[in-house]
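The numbers here are math on the coordinates, done by the rules we state, and not lab data. The structure displayed is predicted, hence computed values, not measured ones. Cβ coordinates were reconstructed from backbone atoms using ideal geometry, including for glycine residues, and neighbour counts include every protein chain displayed.
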Amino acid sequence: MFDRRRFLRNTLISTAAVALTPSMRLWAAAASDAVATHLPGVLPPLGYAPDSLEPFIDAQTMSLHHDKHHKAYVDNLVKAIGSDPKLMATPVETLVATVDTLPADLKTAVRNQGGGHANHSLFWPSLKVNNGAVPKAELATAMDKKFTSYSSFQTTFTKAALSVFGSGWAWVVMDQDHDLRIITLPNQDSPLSQGLQPLFGIDVWEHAYYLKYQNRRPEYVAAFYNVVNWDFVTERYLALRKV
């Protein structure tokens, strides 16, 4: 039997890139080749031992954050779109970037569950104890140009992270002109949905820090600078600069 709803849904997905402006379409297509993408139903591995970020982020938080919270986003996204093979074969980053083109009955799930999946899939590799390292090379130049200095960047980023009301993220993103920006978004909204490419972000949902820091978000944010994987962020920056 002809399923009109499924036909319309698949048509919307397959033509999602066409619905974007030419510059956005080029950005989305090229960026997907430059950085890793993740399938909706696959939980990526943490990539390191849960205690690797001690003493700044504790092992129990990392285990629960990845194995329970991130997995819940993946599982709930599959519940919403799992009956559609095309959607399940579409990178979650693409689904989130084109969420406004999706059928109305899928938008909320993709924005919330897909956003949580995409955000955390970028979050894990962007973390590593850095032993006081700071941005270098082209990334350092770009950050100095935008924020004057690394210290000034920290002040601005900290203010953004502390300004998020309730749950959400603070992000360093790149726009289509390759300029860096700091933005905040609520809940699991993704910069991708705004046509921006996230370089890295800080998760300020309580589940990201409450076991160790309780309600002391400022302490968590201050500690976060010790676990930014600047090698990964620089590699991502250089890849996206080619777009």
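If you place +1 on the Cβ of every Lys and Arg and -1 on the Cβ of every Asp and Glu, how big does the dipole about the Cα centre of the stretch 35-100 come out, in debye to the nearest 20? Kindly include the intermediate steps, with their values, before the conclusion.
Values: 4 positive and 8 negative charges, 52 e Å.
That gives a dipole near 260 debye.
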Notebook entry, point to check: What residues have an amide H closer than 5 Å to that of LEU199, excluding those fewer than 5 places away on the same chain, when H is modeled at 1.01 Å from N in the peptide plane?
Noted result: VAL172, VAL173, MET174
Check: If you line up the long axis of helix 137-147 against the longest principal axis of the chain, both from Cα atoms, how many degrees apart are they, to the nearest 10?
Finding: 90 degrees
Check: With contacts defined as alpha carbon pairs under 8 Å and 6 or more residues apart, what's the relative contact order of the chain in percent?
Finding: 23 percent
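For the chain, what ratio Rg/Rh do Cα atoms give with a Kirkwood hydrodynamic radius? Could you put the intermediate results ahead of the total?
On the way: Rg = 18.0 Å, Rh = 18.6 Å.
Rg/Rh: 0.97.
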Next item on the list: Eight or more residues apart or on different chains, and alpha-carbon atoms under 20 Å: count the Lys pairs in the stretch 62-174 matching that.
Entry: 10
Notebook entry, point to check: Helix 230-241 versus the longest principal axis of the chain: what is the Cα-based angle in degrees, 0 to 90, to the nearest 10?
Noted result: 50 degrees
Next item on the list: Enumerate the residues in the stretch 119-137 having an amide nitrogen under 14 Å from the point lying 7 Å beyond the Cα of ALA49 toward its Cβ.
Entry: 129
